[in-house]
Structure formats: structure tokens, C-alpha cells
Amino acid sequence: MDLDLVFLGTSASAPTAQRAPTAILLRRGGERLLFDCAEGTQRQLMRSTIGLPDLDQIFFTHFHGDHTFGLPGMLKTFSLRQREVPLTIYGPPGLRELYTSLHPLVGRLSYPVELEELRPGESLEREGYRVLAFPVHHGVTAIGYAVVEDERPGEFDSAAADALGIPFGPERGELQRGESVTLEEDRVVTPDMVVGAARPGRRIVIPGDTAPVETVRVLAEGADVLVHEATFLEDERDRAADTLHSTARQAAEIARDADVRLLALTHVSPRYFGHELAREAKQVFERVAVPKDFDVIEIPFAERGEPRLIKKGARPEREAPVEVVSDTESV
């Protein structure tokens, strides 16, 4: 199943000419999960190759304006389309209060909005994966999210199946699903005789805004992609600490200690272009990307390759998107 991240907004605090504020769209098969919805998010989607989908679920990490100002407009646009299917919005405690405050701006909607406040440690079970909420350190009520796929069955050993005389047909499918089969002469073949060990699913960790914190490292252990903020460089480390943000080096230290497959740095301050963040992070951890708006990170299963950055992968351009190796930043 295809899995990727579309970076719709990568700026910190305020938009720039090149970067919109925070919004990330996770695409898994036909599902679309939006993480944060900053100012201009619906327009970013409309400018992309995706268009504005009828999202089923939106996840907020916290309620600072640079993560939420796009919600009222998106809700109203859905209503102008005469949407009828429900929309579920998730976020930390305070979500209901936020939504109530937006009512005068949004007015009556053509569809129901369901609100679910999540606390650290709570998990949303989905078909084939779960979304886990975990604590971060940002000085306000805030949570991060880990999207964790279920384990997959091990690889089927065709040579072993041939040697055991298992015919081509439903028997092999049953074994792949973990069921034993009975062959001629009442000979029983169990799955462990032809199927390897279970393979892990993919894991994506999106902490949102945070100072360095151990919970991020723990949840990111072995993750395929860690999307970590890098609002400052090391020469602004004291300011990062005061505002409960992170430097590029601090994000890289977490990625190194968690041994993630790829670190994506975002929430880029308007004072930087991106290459400075990549240069500082790579002094600690090599597998770093700094996506720009409309860049895409594709996340294959581990046995099929490494996560890779596709520059302008979601932006209509005359030229074809450029595939970039996983340790090269987009600048």
C-alpha cells in the first residue's frame, strides 16, 4: 500500500513568499489524514496536484494560530459544496472550546462535525494501523502523533512450499494468512513451515512544535520518518529553550538516538532558507531532508527501499518532479 507525506506548509509562525505555515497531509492508500491546518491550507491543496479532498479527519497538535487559522475557511468551503458526510476533528483538550469560539465565523454547516479530544497515551484504531497520541513539551496543551501500521505476514517461501508438495491454489493463500492446511494422506502443513517471521509495518512520527523531549525519541525509535520542527539554529539555542522549540541540531540528535530512517525538518523560521538547517543537522545525523511546500516524502516498506524526497512532487509543473535521495535536503 502506498504511503507518503505531502508538505503543504513548512514555515514557522508566519507565511513567507516561499513557505506557508504548518500543514501536512498523510496519504495511505485512499485515506487522507491532515495534521494541522494553518492559514491558507485549503488554497495550498487547491494549488497542488491533489485538490481539496473531502477530508474525513483532521488532527491538531495544538491550538496556536499558525497551526489552526486555516480551519474556519476550510469548514465553510466544505459547506458551500453542500457536503453531507461527517468530519471528525481530533486534538488535545481544549478542542471543543476552540470550535465553540469559531462558531460565529463558520455559522451553520451542511454536515456534522465530530470533535474528539485526545490525551497522551490514547490510541485510535484503524484498519491496518493506529494513530497514537503522545506528550510533547511546548508550554501549552499539545500532543504529537505516531501513525503505526500493523505487522505484516512474513514472506512466503515458494521453494519450501514446492519441496513440501503444496499445490498452487487456495492452500498457499491459507498458509499465507496463518492457517494450517491438510494435504493428501492427512499430512498437515503449518504456516511456520513456509512463511517467514512477521514484518513490521511503517511508522511515521509527527510531534508538532516541541522542545527536545524523551517521549519523541521513544516514539520515534526505528521510525521510517520523523517529522521534527527545527525553528532555530544552535546560535539561537537559548531562544529555542525560552520558546520551547528546537534547533536543527537537537532534532538531529533525537533522530540519531532513535535511529530513524529519515529525518524531515520543518517549521522553518523566516530567517532561514533551509540549507542552513540541513548543514547543521548533518553534523550529527546524515539522513536529513528539509522539505519545501509541495514536496513529498514517499515511504516504501523497508525491504523495498528507503524513504525518498520528491521535490515539487505535489505541485503542477511543466517539468517532471525530481526524485532526491533520502539524505539530500530540498532547498
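The values are calculated or read from the model by the stated rules, or taken from the named source; none is laboratory data. Being a predicted model, the structure only gives us computed values, none of them experimental. When we count neighbours, we look across all protein chains shown, and the Cβ atoms used for this are built from the backbone with ideal geometry, even at glycine. Ligands, DNA and RNA are excluded from the accessible area calculation, which covers all protein heavy atoms including side chains. Shrake-Rupley method; radii C 1.70, N 1.55, O 1.52, S 1.80 Å.
Net length available on complete extension from ASP259 to ALA241 is 4.1 nm, with 0.36 nm assigned per residue and the Cα-Cα distance removed. Relative to the Cα centre, the charge distribution of segment 262-304, modelled as +1 at Lys and Arg Cβ and -1 at Asp and Glu Cβ, gives a dipole magnitude of about 120 debye. If you plug the beta carbon distance of PHE273 and LEU164 into 1/(1 + (r/R0)^6) with R0 = 51 Å, you get a FRET efficiency near 0.30.
Using θ = phi - 60° in the Karplus curve 6.51 cos²θ - 1.76 cosθ + 1.60, the 3J(HN,Hα) couplings for segment 76-92 round to 5, 4, 4, 5, 4, 7, 6, 4, 10, 6, x, 10, 9, 10, 10, x, x Hz; x is entered for Gly and Pro.
Share of carbon and sulfur in the accessible area of the chain stands at 49%, probe radius 1.4 Å.
With a Förster radius of 51 Å applied to the C-beta separation of LEU105 and ASP186, the computed FRET efficiency comes to 0.10.
Just to confirm a number: summing +1 for Lys and Arg and -1 for Asp and Glu over residues other than GLU114 whose beta-carbon lies under 12 angstrom from that of GLU114, what do you get? Around GLU114, the surrounding residues sum to -2. If you sort the three axes of the alpha carbon gyration tensor as a ≥ b ≥ c, you get a/c of 1.5 or more for segment 187-331 and a/b no higher than b/c, which makes it oblate. Please report how far the C-alpha centroid of segment 101-118 lies from that of segment 12-69, rounded to the nearest whole angstrom. If you average the Cα positions of each part, the centres end up 17 Å apart.
Computed on the chain, with alpha-carbon pairs under 8 angstrom and 6+ residues apart, the relative contact order is 15 percent.
Computed from point charges on the beta carbon alone (+1 for Lys and Arg, -1 for Asp and Glu), the dipole magnitude for segment 60-191 about its Cα centre is near 1180 Debye. Between the Cα long axis of helix 248-258 and the first principal axis of the chain there is an angle of about 20°, rounded to the nearest 10.
What shape does segment 16-72 take by its C-alpha gyration tensor, where a ≥ b ≥ c are the square roots of the eigenvalues and a/c under 1.5 counts as rounded, a/b above b/c as prolate, and the rest as oblate? Intermediate results must be reported in sequence, preceding the final value.
Values: a/c = 1.95, a/b = 1.23, b/c = 1.59.
Oblate.
Give the separation of the Cα centroids, segment 192-246 to segment 260-296, in Å. Result: 13 Å between the Cα centres. Amide H contacts of THR61 (H built 1.01 Å from N, in plane; Pro and chain starts excluded): ASP36 sit under 5 Å, all sequence-distant by 5 or more or on other chains.
Protection proxy ranking, highest mean first, for peptides 48-57, 246-255: 246-255, 48-57, where packing is the per-residue count of other beta-carbon atoms within 10 Å, averaged. Summing charges over all other residues whose Cβ lies under 14 Å from the Cβ of ARG96, with Lys and Arg as +1 and Asp and Glu as -1, gives -3.
Around HIS138, with a cut-off of 10 angstrom between Cβ atoms, what is the net charge of the other residues, counting Lys and Arg +1 and Asp and Glu -1? Write out the running numbers ahead of the final one.
Numbers: positive: none; negative: ASP209, GLU229.
Once all neighbours under 10 Å are counted, the net charge is -2.
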